[in-house]
Amino acid sequence: MQIDTKTEFGQRVQRRLQEARIAWLTTVDEQGTPQPRPVWFLWDGESFLIFSRPSTHKLRHITQNSQVALHLDGDGLGGDIIVFTGEAAVSPEAPTADQILAYVEKYTSGFARINMSAAQFAQEYSVALRVKPLKLRGH
């Protein structure tokens, strides 16, 4: 999916993907109930890279139903809405979090806040997920 950066909305989406630290990943549980959760992410221009601890509910949900939504926080007034829908999958070929310079730079303060080094984070959050967006909506 390409983001049309010729539009104001597309330019805002591109900027927000670079600046935002948190996205909300929504999976669906066994009963069909949406389960949103905040995640750290890295956008590479084609997909979102998210790291997870092993054996989490989100991994089980994605194994059962790969369709997900991922959205960025709005402006608190009902504006600046950015929602992606797409498919998620475990990405065993992805490098670990501490091997991705852009990820380490983006979340250095986050690592400090949770009292971990990048290497400790990579060891604990050892499962890489890729979310491939198929649709984008918002305003």
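Coordinate-derived values only; no laboratory data. Bear in mind that the values here come from a model prediction, so they are computed numbers and not experimental data. Positions of Cβ are generated from backbone atoms using ideal geometry, with glycine treated the same way; all protein chains shown enter the neighbour counts.
Looking at the range 51-66, can you tell me whether even one residue there is under 19 Å from residue 135 (Cβ atoms), aliphatic (A, V, I, L, M), crowded, with 17+ Cβ neighbours inside 10 Å and in contact with a helix residue (DSSP H, G or I) (Cβ under 9 Å, 6 or more places away or on another chain)?
no
Six or more apart or on different chains, Cβ under 8 Å: which pairs go from a residue in the range 89-114 that's more than 19 Å from residue 127 (Cβ to Cβ) to one that's assigned to a helix (DSSP H, G or I)? Could you list them?
Filtered contacts from the range 89-114: 108/118.
State yes or no: is residue 126 touching a strand residue (DSSP E or B) at 6+ places or on another chain (Cβ under 9 Å), of a type outside the set (Phe, Trp, Tyr) and over 25 Å from residue 13 (Cα atoms)?
It is true that residue 126 is touching a strand residue (DSSP E or B) at 6+ places or on another chain (Cβ under 9 Å), of a type outside the set (Phe, Trp, Tyr) and over 25 Å from residue 13 (Cα atoms).
With the requirement that a residue be part of a loop (DSSP other than H, G, I, E, B) and crowded, with 17+ Cβ neighbours inside 10 Å, what does the range 33-47 give you? Lay out the reasoning, then the answer.
Initially, the range 33-47 is screened for residues part of a loop (DSSP other than H, G, I, E, B), giving 33, 40-41, 44-47.
Correct list: 40, 41, 47.
On the given criteria, is residue 110 within 20 Å of residue 5 (Cβ to Cβ) and either outside any strand (DSSP E or B) or in contact with a helix residue (DSSP H, G or I) (Cβ under 6 Å, 6 or more places away or on another chain) (or both)?
Against the criterion (within 20 Å of residue 5 (Cβ to Cβ) and either outside any strand (DSSP E or B) or in contact with a helix residue (DSSP H, G or I) (Cβ under 6 Å, 6 or more places away or on another chain) (or both)), residue 110 does not qualify.
If we scan the range 23-32, do we find a residue that is acidic (Asp, Glu) and surrounded by 14 or more Cβ atoms within 10 Å (Cβ to Cβ)?
yes
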